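Everything below concerns the one structure shown next.
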Amino acid sequence: MGTRGKRNKKVNVFEEPTLLSDINKIKELATEKGMYNGDALDIEQLIQEISRREENAPILIKKIPMDNYLSGSLSYKDGVWIMTVNSKQHPKRQRFTLAHELAHYILHKEKNTEFQDSTFFRGNNMDSLEYMANDFAAALLMPDDKVNELIKNGIRNIGKLAEKFDVSAAAMKYKVEKLGYKVK
């Protein structure tokens with residue numbers, strides 16, 4: 001007869017900054033600086049403000065046409081972080097891409113100098129950094145408390161919710177499902 005006990009798993013844990021505290025600090029900054037239009041965050045203004053505060057790591061936003069399968073990228077060149085966004089994509093998609101790249105900047109800039117994003121919400125082959133950047137972007141653009149409040153107040157249509165936050169219906173559906181709501 002064998003004995004059961006706790007298995008000692010040796011796991012190399014990839015440490016990350018506390019996601020929630022980073023997002024809460026950023027939302028406080030955005031509120032303090034008047035960066036909300038209703039429930040929609042002005043993500044470009046937020047990135048510019050964060051860039052002003054980061055003397056050693058300024059951010060430049062570039063919107064350029066890219067291959068259709070590319071959403072954006074973040075790269076470090078000559079002392080500047082460059083956020084590139086596919087200008088051929090819908091403005092709401094561009095907003096999410098900017099928030100996603102901001103997540104890489106805040107959470108991962110010490111780990112890598114280049115991030116290229118070809119997919120959000122599609123496929124199962126995204127690595128943990130991409131999932132984390134997506135979750136960060138979703139939490140920043142569509143805060144849990146605000147989404148829950150709007151649903152509680154009777155807005156249950158994905159399109160109407162997406163409109164409130166100026167995001168795509170796909171991003172809103174992902175967020176609502178992640179909060180535990182069933183979507184028809």
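The values are calculated or read from the model by the stated rules, or taken from the named source; none is laboratory data. What you see is a predicted model, and the numbers here were worked out from it, not measured in a lab. Methodologically, a virtual Cβ is constructed for each residue, glycine included, from the backbone with ideal geometry; neighbour enumeration extends over all protein chains shown.
Specify which of the listed residues (Thr84, Thr97, Thr113) is more than 21 Å from Ala170 (Cα to Cα) and at pLDDT 95 or above. Spell out how you get there, then give the answer.
Numbers: Thr97 fails: more than 21 Å from Ala170 (Cα to Cα); Thr113 fails: at pLDDT 95 or above.
Going through Thr84, Thr97, Thr113 in turn, just one is more than 21 Å from Ala170 (Cα to Cα) and at pLDDT 95 or above: Thr84.
Would you say Ile59 is more than 26 Å from Asp145 (Cα to Cα), surrounded by 13 or more Cβ atoms within 10 Å (Cβ to Cβ) and either hydrophobic (A, V, I, L, M, F, W, C) or modelled with pLDDT of 90 or more (or both)? So that I can check it myself, show each step before the final result.
Values: more than 26 Å from Asp145 (Cα to Cα): yes; surrounded by 13 or more Cβ atoms within 10 Å (Cβ to Cβ): yes; either hydrophobic (A, V, I, L, M, F, W, C) or modelled with pLDDT of 90 or more (or both): yes.
Yes.
Filter segment 127-184 for residues that are in a helix (DSSP H, G or I), without any contact (Cβ under 8 Å) to a residue 60 or more places away in the chain, farther than 12 Å from Asp39 by Cα and hydrophobic (A, V, I, L, M, F, W, C) and give the result.
Passing the criteria: Leu129, Ala133, Ala137, Ala138, Ile151, Ile158, Ala169, Ala170, Met172, Val176.
Restricting to segment 66-82, and then to whatever is within 14 Å of Thr97 (Cα to Cα) and aliphatic (A, V, I, L, M), can you tell me which residue is surrounded by the most Cβ atoms within 10 Å (Cβ to Cβ)?
Per the criteria, the residue is Leu74.
With respect to the numbered conditions (1) touching a helix residue (DSSP H, G or I) at 6+ places or on another chain (Cβ under 7 Å); (2) assigned to a loop (DSSP other than H, G, I, E, B); (3) at pLDDT 90 or above, which one is the sole condition not fulfilled by Leu29?
All conditions pass for Leu29, except number (2).
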